[in-house]
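A short worksheet on the structure shown next.
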Amino acid sequence: MKKIFLFIVILNITPSNGQCAFKTTIRPDGNEIKYFNPKPVIRQSDYEVGISIYKNITSDQLMLNVSVLFKSLSPKKLTDNLIIQSTNKKGISLKPLMSELIKMNGRELAMGLYEIEKADYEELKNYPLKSIYFYLEGSLKGSTVTENVSILQNELSCIN
């Protein structure tokens, strides 16, 4: 007599969306922060710019992280407001919350956090990016967004 074994495999499939891969950390001051790793939006010969959304869950504050990787430009801190133009006709200006120069993989990086207000949120959530301009110690830099134009729309829909 032949024995037949029947294996039944039950899988618990949970839908996963790669664009919603945020991380969570609890800072020493007790604030819980959800954030995404920055993705590139501008590549120039002397610098690259990456952006991502940060949300302080404790205070319900939304922030935009801007990371500038220096290639041939000398490293400088981000200063002043960040200017964003979307595909809508309205541009926005975000206030800086903090700026630091850090070393990452042996290279200098300027990292800044900018506050997202309610009106800014609506603009960023509903329209793809067109251009981003920022100040490096008073000198205006920036350009047309050439990749990941919908990054903020995707991240804001994930984190809220």
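Laboratory data are not the source of any read-out in this text; all were calculated from the coordinates shown. What you see is a predicted model; the values in this text were computed from it and never measured. Heads up, the Cβs are rebuilt from the backbone with ideal geometry, glycines too, and the neighbour counts pull from every protein chain shown.
Straight-line reach from Lys76: which lysines have a Cα under 19 Å away, not including same-chain ones fewer than 8 places off?
In chain and number order, the partners are Lys95, Lys103, Lys141.
Set the Förster radius R0 to 25 Å, insert the Cβ-Cβ distance between Ser139 and Glu32 as r into 1/(1 + (r/R0)^6), and round the FRET efficiency to 0.05.
Calculated value: 0.10.
Under 5 Å between amide hydrogens, which residues at least 5 positions from Tyr47 or on another chain qualify, with H placed 1.01 Å from N in the peptide plane?
Amide H neighbours of Tyr47: Lys71, Ser72.
Springs between alpha-carbon pairs under 10 angstrom, Gaussian network model over the chain: which of Ser59, Ser143, Ser67 fluctuates most?
Its mean-square fluctuation being the largest, the pick is Ser59.
Provide the net charge surrounding Lys95, with neighbours chosen by a C-beta distance below 12 Å and charges set as Lys +1, Arg +1, Asp -1, Glu -1.
Spelling it out: positives minus negatives among the neighbours equals -4.
From the square roots a ≥ b ≥ c of the eigenvalues of the alpha-carbon gyration tensor of region 15-134, which class results: rounded (a/c under 1.5), prolate (a/b over b/c), or oblate?
Rounded, since a/c falls under 1.5.
Work through the residues other than Ser52 whose Cβ is under 12 Å from its Cβ and net out their charges, Lys, Arg +1 and Asp, Glu -1.
For residues surrounding Ser52, the net value is +3.
Among residues other than Leu78 whose Cβ falls under 13 Å from its Cβ, what is the net charge (Lys/Arg +1, Asp/Glu -1)?
With Lys, Arg at +1 and Asp, Glu at -1, the neighbours total 0.
Go through region 64-149 and name the GluC sites (Glu not before Pro) that are in a DSSP coil and have 15 or fewer other Cβ atoms within 10 Å of their Cβ.
Glu117, Glu137, Glu147
Using the Karplus equation 6.51 cos²θ - 1.76 cosθ + 1.60 (θ = phi - 60°), what ³J(HN,Hα) coupling, rounded to whole Hz, does each residue of region 90-101 give in order, writing x for Gly and Pro?
The phi angles translate into 8, x, 10, 10, 9, 7, x, 9, 6, 8, 9, 9 Hz.
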